[in-house]
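Chemist: Before anything else, here's the structure in question.
The values are calculated or read from the model by the stated rules, or taken from the named source; none is laboratory data. Model, not experiment: these values are computed from the prediction. Every residue, glycine as well, gets a Cβ built from its backbone with ideal geometry; the counts of neighbours run over all protein chains shown. Each accessible area value is taken on the protein alone, full model and side chains, heavy atoms only, with ligands, DNA and RNA left out. Shrake-Rupley method; radii C 1.70, N 1.55, O 1.52, S 1.80 Å.
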Amino acid sequence: MDYQKIIEDIYEAIRPYEKEGQQATYIPELAKVNPDQYGMHLCTTRGDSASLGAADTRFSIQSISKVLSLAMCLAIKGDDLWKKIGKEPSGTAFNSLVQLEHEQGIPRNPFINAGAIVMADILLTHLDNPEQDFLRFVRAVAGNDTIDYNREVAASERETGYLNAAIANLLKYHQTIENDIESVLHLYFLMCSIEMSCRELALAFMAFADHRREFNYDGIALTSSQVKRINAIMQTCGFYDEAGEFAYLVGLPGKSGVGGGIVAIYPQQYSVAVWSPRLNSKGNSVMGLKALELLTSETKESIF
Ligand code: GLU
């Protein structure tokens with residue numbers, strides 16, 4: 001399969017959409033990003049790769065970090081994790097309060113904000129240096145020691161993060177989180193602020209794409225069955241209230257973030273990351289969704 005040619009053809013085909021959507025502006029630092037950027041990187045389990053555009057430009061991975069927090073929390077807590085967080089698609093916006101109130105402070109899944117805020121609380125409880133430990137884990141998975149938090153983005157999000165603060169308060173009221181609200185939010189926003197490029201994300205997610213390979217990074221170890229289950233949650237919950245649409249159009253497990261990044265895996269074959277900051281009304285990258293839809297249509301490769 002000539003993935004390089006395929007991703008080049010895809011880019012030409014989706015250019016009519018390049019001005020569609022708007023970047024996330026509710027996080028003031030993200031509003032400063034040039035929205036007219038596009039990058040894609042794909043790497044295969046056989047060691048081939050394909051790259052296009054701004055594939056080496058780092059961007060805010062935002063909710064994509066939730067997959068990495070889930071890996072760390074599953075390694076630490078095992079199935080006990082599911083006492084505090086569900087694993088069903090939410091069908092509501094990623095920052096919705098209504099469902100959380102209705103379900104008495106148990107988030108539907110780890111990939112909505114409420115679920116990820118609970119995971120931040122778990123890391124605070126179980127780790128001596130959660131900030132450093134999480135970053136070390138991400139660097140180890142990606143095989144790259146220069147990956148870092150963007151503290152300006154995290155601080156900027158805290159300043160305007162009223163909804164996330166409301167979610168944390170509701171979680172605290174229901175005793176789903178143990179630590180003080182400010183520390184939990186601080187860690188949550190930091191984790192979201194990690195910056196990576198498409199190439200770095202695709203390489204990092206090879207750890208999930210190839211679940212036959214041993215998952216043990218910086219002492220965080222998962223069984224192949226746990227990795228498989230993380231992929232299942234990406235499939236059912238990875239795209240906010242558009243998870244069904246992504247399964248329908250693309251047919252791969254994946255995760256998006258409001259920085260405009262999307263990462264997806266074709267189990268045992270490849271991992272792919274695409275980035276373009278303009279989002280649709282659900283918070284998913286317009287160009288990213290189109291690119292992945294065409295990728296699985298052109299290659300006839302998907303899990304279905
Ligand atoms: N930090 C973002 C928030 O909490 C993450 C949202 C996302 O990427 O889905 O709103």
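Chemist: Please report, in debye to the nearest 20, how large the charge dipole of segment 145-296 is about its Cα centre when each Lys and Arg carries +1 at its beta carbon and each Asp and Glu carries -1 there.
Modeler: In debye, rounded to 20, segment 145-296 gives about 500.
Chemist: Still on this structure, please answer the following. Taking all protein chains together and a probe of 1.4 Å, list I85, I303 from the most accessible to the least accessible.
Modeler: These residues rank, largest area first, as I303, I85.
Chemist: Also, quick follow-up: Given the options I27, M40, P16, identify the residue whose Cα lies farthest towards the positive end of the charge dipole of segment 1-44 (+1 on Cβ of Lys, Arg; -1 on Cβ of Asp, Glu).
Modeler: I27
Chemist: Is segment 1-81 best put as rounded, prolate or oblate by its Cα gyration tensor, with a ≥ b ≥ c the root eigenvalues, rounded for a/c under 1.5, and otherwise prolate when a/b is larger than b/c, oblate when not?
Modeler: Details: a/c = 2.80, a/b = 1.25, b/c = 2.24.
Oblate shape, in that a/c is at least 1.5 and b/c is the bigger or equal ratio.
Chemist: Which pairs, out of K66/K172; K19/K228; K87/K172, put more than 26 Å between their alpha-carbon atoms?
Modeler: K19/K228
Chemist: For T92, T146, write out the residues from largest to smallest accessible area, computed with a 1.4 angstrom probe and no ligands counted.
Modeler: Result of the area sort, largest leading: T146, T92.
Chemist: Something else about it: Take the alpha carbon gyration tensor of segment 193-304, find the square roots of its eigenvalues, order them as a ≥ b ≥ c, and report rounded if a/c is under 1.5; if not, report prolate when a/b exceeds b/c, else oblate.
Modeler: Numbers: a/c = 1.73, a/b = 1.37, b/c = 1.26.
It is prolate, given that a/c is not under 1.5 and a/b is the larger ratio.
Chemist: Rounded to the nearest 0.05, what FRET efficiency do D36 and T160 have when you use their Cβ-Cβ distance and R0 = 22 Å?
Modeler: With R0 = 22 Å, the Cβ-Cβ based efficiency is 0.35.
Chemist: Might you work out the accessible area of D148 for me, using a 1.4 Å probe with all protein chains in place, and round it to the nearest 10 Å²?
Modeler: Here the residue's solvent-accessible area equals roughly 70 Å².
Chemist: Per-residue accessible area for S49 at 1.4 Å probe radius, Å² rounded to 10?
Modeler: Rounded to the nearest 10, that gives 70 Å².
Chemist: Under a no-solvent Debye model with one identical scatterer per Cα of segment 255-304, what's log10 I(q)/I(0) at q = 0.26, 0.33 Å⁻¹?
Modeler: So the normalised log intensities work out to -0.95, -1.22.
Chemist: Shifting gears a bit: Of the options G53, S225, I262, report the single residue whose Cα projects farthest towards the positive end of the charge dipole of the chain (beta-carbon charges: Lys, Arg +1; Asp, Glu -1).
Modeler: Highest projection toward the positive end goes to S225.
Chemist: Right, another one. Tell me the mean residue ellipticity at 222 nm calculated for the chain from its helices only (DSSP H runs of n ≥ 4, each -39500 (n - 2.57), averaged over every residue, nearest 500). Intermediate values should be presented prior to the final figure.
Modeler: On the way: 14 runs with 141 residues, N = 304.
Theoretical 222 nm ellipticity from helices: -13500 deg cm²/dmol.
Chemist: While we're here: Using 1/(1 + (r/R0)^6) with R0 = 35 angstrom and r between the beta carbons of L97 and T146, what's the FRET efficiency to the nearest 0.05?
Modeler: It comes to 0.40.
Chemist: May I ask you to derive the relative contact order of segment 104-222, considering only C-alpha pairs under 8 Å and at least 6 residues apart, and to give it as an integer percent?
Modeler: Dividing the mean separation by the residue count of segment 104-222 yields 36 percent.
Chemist: Sorting H102, H186 by accessible area (1.4 Å probe), largest first, what list results?
Modeler: From most exposed to least exposed: H102, H186.
Chemist: What ³J(HN,Hα) values, in whole Hz, does the Karplus curve 6.51 cos²θ - 1.76 cosθ + 1.60 give for segment 195-209 when θ = phi - 60°, with x put for Gly and Pro?
Modeler: 10, 9, 8, 4, 4, 5, 5, 4, 5, 4, 7, 4, 4, 9, 5
Chemist: If you count only protein heavy atoms and use a 1.4 Å probe, how large is the accessible surface of W82, to the nearest 10 Å²?
Modeler: Taking all protein chains as shown, W82 has close to 60 Å².
Chemist: I'd like the FRET efficiency for E245 and E301, computed as 1/(1 + (r/R0)^6) with the beta carbon distance as r and R0 of 22 Å, rounded to 0.05.
Modeler: E(calc), rounded to 0.05, equals 0.70.
Chemist: So, one more: Tell me the relative contact order for segment 70-121 as a rounded percent, counting alpha carbon contacts under 8 Å between residues six or more apart.
Modeler: 37
Chemist: Follow-up. Quick one: give the max-minus-min coordinate of the C-alpha atoms of the chain along each principal axis, largest first, in Å.
Modeler: In descending order, the Cα extents are 52, 40, 35 Å.
Chemist: OK, next. If I take every Cα pair under 8 Å that is 6 or more residues apart in the chain, average their sequence separation and divide by the length, what percent do I get for the relative contact order?
Modeler: Over the chain, the number comes to 28 percent.
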